[in-house]
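The values are calculated or read from the model by the stated rules, or taken from the named source; none is laboratory data. A quick note: this is a predicted structure, and the numbers were derived from the prediction, not measured. Neighbour counts are summed over all protein chains in view; Cβ atoms, including those assigned to glycine, are modelled from backbone coordinates with ideal geometry. Accessible surface is based on the protein model in full, side chains and every heavy atom, while ligands, DNA and RNA are left aside. Shrake-Rupley method; radii C 1.70, N 1.55, O 1.52, S 1.80 Å.
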Amino acid sequence: MAYELFGHVASSDLWLPLPISRRRPSVQVVLGSVIETGELIWREPSPSSFACFKDDGAVIVSWPEVRFRVGFDRVVVDTNDDESAADLLVPAVWSVLLALRGQEALHGCAVEQSGRALAILGDSGAGKSTVGHMLIKRGWRVVTDDLLTVDAEGDVQPGPPFLRLNPNQRRQQVQTLDTGGKVRMYGPTCTRRVPLGALIVLAPEYRRPRRLTGMAAASALLTQNYNPLPIHSDHARRRFDMAVDLAGRVPVYGAPPRSLTAVALDQLISEAFT
Amino acid sequence: MSVRVPSHIHFRPVHDEVVLLDTRTGSYRGLNPSATVIWLSLADGADERTAVSAVLDRFDVSSEQAQADLDILVQQLVADGLLERGDG
């Protein structure tokens with residue numbers, strides 16, 4: 001089966017929760033054996049117990065239940081738990097593949113209306129997907145969630161066709177959680193790349209919603225890189241250039257986490273998209 | 001004495017400011033609009049007198065104030081490794 005993912009087509013031995021593609025695959029995802037080897041570049045303690053190695057041009061990303069060997073056009077998956085492997089492949093491991101291909105990514109979701117995308121960035125728990133969900137209920141479409149990539153033309157690449165929300169404790173029915181403990185909310189999706197119209201960064205340093213310019217805009221985006229792994233020798237410069245390019249090209253707003261009401265969001269979108 | 005941008009410093013203008021990246025450490029810093037005018041002049045190879053003129057063209061300050069601001073800025077940037085003094 002082949003899938004569309006952030007501008008690439010991947011053939012995959014694993015079932016992935018992604019749009020099916022009829023285009024020729026440029027990346028292969030295969031099941032196989034992966035061992036931890038090479039230079040250790042990252043290790044997180046329990047509970048994630050995540051580790052990352054560089055080995056002969058490939059990157060090995062390893063969790064207790066699944067290991068990946070990520071190359072430029074081939075990802076080997078070593079697991080007995082296909083569902084966890086699929087959840088980790090999209091988007092966490094995919095960010096490593098993109099980095100190997102020279103494409104940096106941000107941590108956020110994007111929704112689209114009338115041919116323009118609004119991206120919402122922020123740390124986990126800042127309310128990115130909640131804002132996205134609020135807009136989906138008002139006619140917007142999902143472009144991507146969690147991992148956000150913008151191509152050289154300034155277009156957001158379509159990613160997973162769902163938003164990942166924290167489980168609603170008040171809801172009575174059983175909610176199925178993914179590997180990250182989130183509930184997937186499927187809605188209308190935008191499956192084509194779409195011009196980015198504005199970015200909102202949800203972070204505690206902003207007391208109220210406001211437009212950011214210059215260094216403040218670039219700095220806000222630099223704090224939202226998806227992938228901190230030093231995969232590439234020039235990663236700092238590439239991430240810097242991506243942030244500065246976006247800050248110069250697209251209106252950037254800062255807002256406190258979990259703060260945006262429908263009214264505030266309407267005002268911000270109206271200003272940004274006018 | 002002239003100053004120059006070290007090879008490990010990467011910089012990009014955004015709006016009316018410049019953002020500087022130290023590629024050795026990954027740390028970055030911004031310059032305000034007047035400091036940006038000075039930086040862009042010096043990074044373009046201009047001497048300090050030309051940089052002061054560029055500030056006077058853009059901002060309503062006296063030449064003494066512009067020179068004093070430049071001296072303080074250059075001193076700070078050199079101390080922080082973002083500029084280095086050269087010959088001449």
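Checked against the criterion of being within 26 Å of A:Val252 (Cα to Cα), open to solvent by 10 Å² or more (accessible area, probe 1.4 Å) and over 19 Å from the mean Cα position of the chain (by Cα), the candidates A:Gly102, A:Gly115 yield just one match: A:Gly115. Per the listing B:Val55, B:Val61, the residue uniquely more than 25 Å from A:Arg238 (Cα to Cα) and not in a helix (DSSP H, G or I) is B:Val61.
A search for C-beta distances below 6 Å between a residue of the stretch B:1-30 that is over 15 Å from A:Asp241 (Cα atoms) and more than 8 Å from chain A (Cβ to nearest Cβ) and any residue that is open to solvent by 20 Å² or more (accessible area, probe 1.4 Å) and among the small types (Gly, Ala, Ser), counting only pairs 6+ apart in sequence or on different chains, returns B:Ser2/B:Gly88; B:Val5/B:Ala43. Take the conditions within 11 Å of the chain's Cα centre (by Cα), modelled with pLDDT of 95 or more and not polar (S, T, N, Q) and apply them to A:Ala92. Does it pass? Answer is no for this residue.
Is one or more of the residues making up the stretch B:69-81 at pLDDT 95 or above, open to solvent by 10 Å² or more (accessible area, probe 1.4 Å), acidic (Asp, Glu) and farther than 26 Å from A:Ser219 by Cα? Yes: one or more hits.
The set of residues in the stretch A:229-244 being over 13 Å from A:Gly102 (Cβ atoms) and either at the interface with chain B (Cβ under 10 Å from one of its Cβ atoms) or in a helix (DSSP H, G or I) (or both) consists of A:Pro230, A:Ala236, A:Phe240, A:Ala243, A:Val244.
Regarding A:Thr189, is this residue within 14 Å of another protein chain (Cβ to nearest Cβ), closer than 28 Å to A:Pro161 by Cα and within 21 Å of the chain's Cα centre (by Cα)? So that I can check it myself, show each step before the final result.
Numbers: within 14 Å of another protein chain (Cβ to nearest Cβ): no; closer than 28 Å to A:Pro161 by Cα: yes; within 21 Å of the chain's Cα centre (by Cα): yes.
The answer is no for A:Thr189.
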